[in-house]
1. Ignoring any ligand, DNA or RNA, what whole percent of the accessible area of the chain comes from carbon and sulfur when the probe is 1.4 angstrom?
2. Quickly rank 13-20, 160-167 as a protection proxy: mean count of other C-beta atoms within 10 Å, highest first.
3. Return the calculated 222 nm mean residue ellipticity for the chain, to the nearest 500 deg cm²/dmol, obtained by summing -39500 (n - 2.57) across DSSP H runs with n ≥ 4 and dividing by the residue count.
4. How much length is gained if the chain between residue 58 and residue 130 is pulled fully straight, taking 0.36 nm per residue apart and subtracting their Cα-Cα distance, in nm to one decimal?
5. If you average 1/r over every pair of different alpha-carbon atoms in the chain and take one over that average, what Kirkwood value in Å do you get?
6. Counting Lys and Arg as +1 and Asp and Glu as -1, each charge on the Cβ, what is the dipole of segment 75-128 about the Cα centre in debye, to the nearest 20?
7. Which FRET efficiency value, to the nearest 0.05, is calculated for residue 1 and residue 79 with the Förster distance at 25 angstrom and r the Cβ-Cβ distance?
8. Using the Kirkwood radius over Cα pairs, work out the Stokes-Einstein diffusion coefficient for segment 1-119 at 4 °C and 1.567 mPa s, in µm²/s as a whole number.
Amino acid sequence: MIGKIKGVLESKNTHQALIDVNGLCYELDVPLSTAFSLPEIGEQVVLYTHFVVREDAQLLYGFSSLSDRDVFRVLIKVNGVGPKLGVAILSGLNASDLKRCVELEDVSALVKLPGIGKKTAERLLIELRDKLGAVVTENDGLGEMEQAAVALPEESVEQEAEAALTALGYKPSDAAKLVKKSFEAGMSVEDLIKQALRSLS
């Protein structure tokens, strides 16, 4: 089991990171909160990981905090929630927000995420009710998306936001509509994505 990776960040986008560990490069799928907390290319990075082995693939998932990784492991044990959906959930809701969502039995906050219908949302609330307290402490995951705001041309900001929403599971046409509806001059990619997700509630 690969539990943590420390190395040099070779490349990154809104859903993946490539990390060089002594000449061996690991490709990791990451949620948006982790993607936006990554350092600049060429700098040292540490990610907590979860390794998934399937018949047709070996996949490595990376998280900037231990609590996000542990919440991911809880999520994928829920019936009907695989790694891809687990990453989508943690892209729309950080660990603390998910914990509050479960405590308040807020179905509406879950169904706005791609791939989550009402039945899946209700199942999540029931199965996570007594499981998140031990892995999420107060303030875990807060502010991660604000840590790495990068100034980009407006066109690039919109394109990055569309790519991120598409990676989360939204149809490209729906992602484009959400971005167009939510974009305001001067927005960072992070702010645009969060506004687009909020507009669904």
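The values are calculated or read from the model by the stated rules, or taken from the named source; none is laboratory data. For clarity, every value in this text was computed on a predicted model and none was experimentally measured. In this analysis, Cβ positions are derived from the backbone assuming ideal geometry, glycine residues included, and neighbour counts consider all displayed protein chains. For the accessible areas, the whole protein counts, side chains as well, though only heavy atoms, and no ligand, DNA or RNA atoms are used. Shrake-Rupley method; radii C 1.70, N 1.55, O 1.52, S 1.80 Å.
1. 49
2. Details: 13-20: 18.6, 160-167: 22.4.
Top to bottom by mean Cβ count within 10 Å: 160-167, 13-20.
3. Estimated from H runs of four or more residues: -12000 deg cm²/dmol.
4. 22.9 nm
5. Values: mean 1/r = 0.0582 Å⁻¹.
Roughly 17.2 Å, rounded to one decimal.
6. It works out to roughly 200 debye.
7. The formula returns an efficiency of 0.60 here.
8. It diffuses with D of about 87 µm²/s by this estimate.
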